[in-house]
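The structure appears right after this line, and notes come after that.
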Amino acid sequence: MVAGKFITLEGGEGGGKSTQARMLAAALAERGLPVLLTREPGGAPGAEHLRTLLLDGAIDWSPQAETLLHFAARAEHVERTIRPALAAGIWVVCDRFADSTMVYQGHGQGADRGTIATLTGLLRARPDLTLVLDVSVETTLARLAQRGTAADRYERLGAAFFATIRDGFRAIARAEFQRCALIDGEPDEATVAAAILEAVRVRLAPAVRR
Ligand code: Z5A
C-alpha cells in the first residue's frame, strides 16, 4: 500500500484555513483520493479534551505549560489519527500543526523555540506540504469581526499580536520553502482554493486533475 500524503494548513486567524481545509479535502475526494480532514488542537479524543482546556480561557497557562499541552495533544493526534491514516494510504488534510506552536507559543509568547523544534522532531511526522495562508492584519480583524462570535483566548490578544503571528508564519515559509507554500489568502475563496490545488498538484501529485 502506498502511504498517503500529509498536508497542513497554517497561518493567523481569519486567514481562511478552516474554509480552505474543507475545500481542499472535498477537491481531493472528488479526484478519487481517500482523504481525512482533521484539526489542531484536537483530532483525537484526548486531544479534543485538551483543546477545551487550551481555548476556553479559564486558565492563563504559562507559555511553557501551554507548549507542552499542545504537544501532548499533538502526540495523541499523530499516534491515534494521523499516522494510522497515512499508513492506510489516506491523504491527511490538517487545519494547523506544529508550526502553530512555533509561531504562537515561540514567536508570540516567548517559549523556547529550540525546545519546540526538538519536540516537533520527536513526533516524526513531518508534513509533505504546508500551505501557509497569508492575510494582512486588517483582513484578520475584519473577518473576525464579520464572523461575530465571542473571541477565544488567543483572539483577545489583539492587532500587535496578530502582526507578530503573521511575521512568524512568513519567516517559516521563507526558511522552509521546500516544505511550505505561501498562499495569498486575500482573494475570494474560490481563487484561493484554486491556488492551493495548484500548489498540491505541482508539489505532490502532478496526476491530481486540475
Ligand atoms: N494554537 C496555538 O496557540 N498553538 C498551537 O500549537 C495550535 C493552535 C495548534 C485555534 O483556534 C487557536 O489555537 C488559534 C491558535 C492556537 N488561535 N486562535 N484564535 P481555532 O481552531 O478556533 O481558530 P483558528 O485556527 O485561528 O481559525 P479561525 O480563526 O477560524 O481562522 P481560519 O480557519 O483561518 O479562517 P476561517 O474559519 O476559514 O474563516 C474565517 C472567516 O473568514 C469566516 O467567516 C469565513 O467565511 C471568512 N473567509 C474565509 N476565507 C475567506 C475569503 N477568501 N474571503 C473572504 N472571507 C473569507
### Task
Within segment 159-210, list the GluC sites (Glu not before Pro) lying in a DSSP loop whose Cβ has at most 14 other Cβ atoms in a 10 Å radius.
GLU176
### Task
Specify the residue with the greatest mean-square fluctuation among ARG166, ARG179, ARG31, computed from a Gaussian network of the chain linking alpha-carbon atoms under 10 Å apart.
ARG31
## Note on the structure
The simple spin-label model distance between ALA142 and SER62, using points 7 Å out along Cα→Cβ, in nm, is 4.1
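With r as the distance between the Cβ atoms of ASP184 and VAL2 and R0 = 30 Å, compute the FRET efficiency 1/(1 + (r/R0)^6) and round to 0.05. Don't skip to the end; give the middle numbers.
On the way: r = 32 Å, r/R0 = 1.06.
After rounding, the FRET efficiency stands at 0.40.
Going from the alpha-carbon gyration tensor of the chain, what semi-axes, largest first and in whole Å, does one get by taking the root of 5 times each eigenvalue? Spell out each step's value before the answer.
Numbers: eigenvalues 129, 88, 50 Å².
Gyration-tensor ellipsoid for the chain: 25, 21, 16 Å.
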### Summary
Taking the dipole of the chain about the Cα centre (Lys, Arg +1; Asp, Glu -1; charges at Cβ), the one of VAL202, LEU24, THR140 that reaches farthest to the positive side is VAL202
### GNM result for the chain, Cα springs below 10 Å: residue of PRO63, PRO45, PRO187 fluctuating most strongly
PRO187
## Note on the structure
Once both label points are put 7 Å beyond Cα along the C-beta direction, the ARG170-VAL202 separation in nm becomes 2.0
### Relative contact order for the chain, counting Cα pairs under 8 Å that sit 6 or more residues apart, in percent
32
#### Entry: Environment charge at THR139 (Cβ cut-off 14 Å; Lys +1, Arg +1, Asp -1, Glu -1)
-3
### Query
When the chain is fully extended, how far beyond the present Cα-Cα distance does ALA88 get from ARG210, taking 0.36 nm per residue of separation?
41.4 nm
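Based on the Cβ-Cβ distance from ALA26 to THR191, what FRET efficiency comes out when R0 is 22 Å, to the nearest 0.05? Working shown, then result.
Numbers: r = 16 Å, r/R0 = 0.74.
The pair ALA26/THR191 has a calculated efficiency of 0.85.
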### Task
Please state, as a whole number in µm²/s, the translational diffusion coefficient that the Stokes-Einstein equation yields for segment 56-137 at 25 °C and 0.890 mPa s, with Rh defined as the Kirkwood radius across alpha carbon pairs.
176
### Residues with amide H under 5 Å from that of THR8, placed H, sequence gap 5 or more
CYS94, LEU129, THR130, LEU131
### Message
Run through segment 111-144 and list the trypsin sites (Lys or Arg not before Pro) located in a DSSP loop whose Cβ has at most 11 other Cβ atoms within 10 Å.
### Response
ARG124
### Message
Springs between alpha-carbon pairs under 10 angstrom, Gaussian network model over the chain: which of ALA195, ALA111, ALA173 fluctuates most?
### Response
ALA195
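None of the figures in this text is laboratory data; all of them are computed from the coordinates on show. Owing to the predicted nature of the structure, the values given are computational and were not obtained by experimental measurement. Glycine gets a Cβ as well: all are built from the backbone with ideal geometry, and neighbour counts include every protein chain shown.
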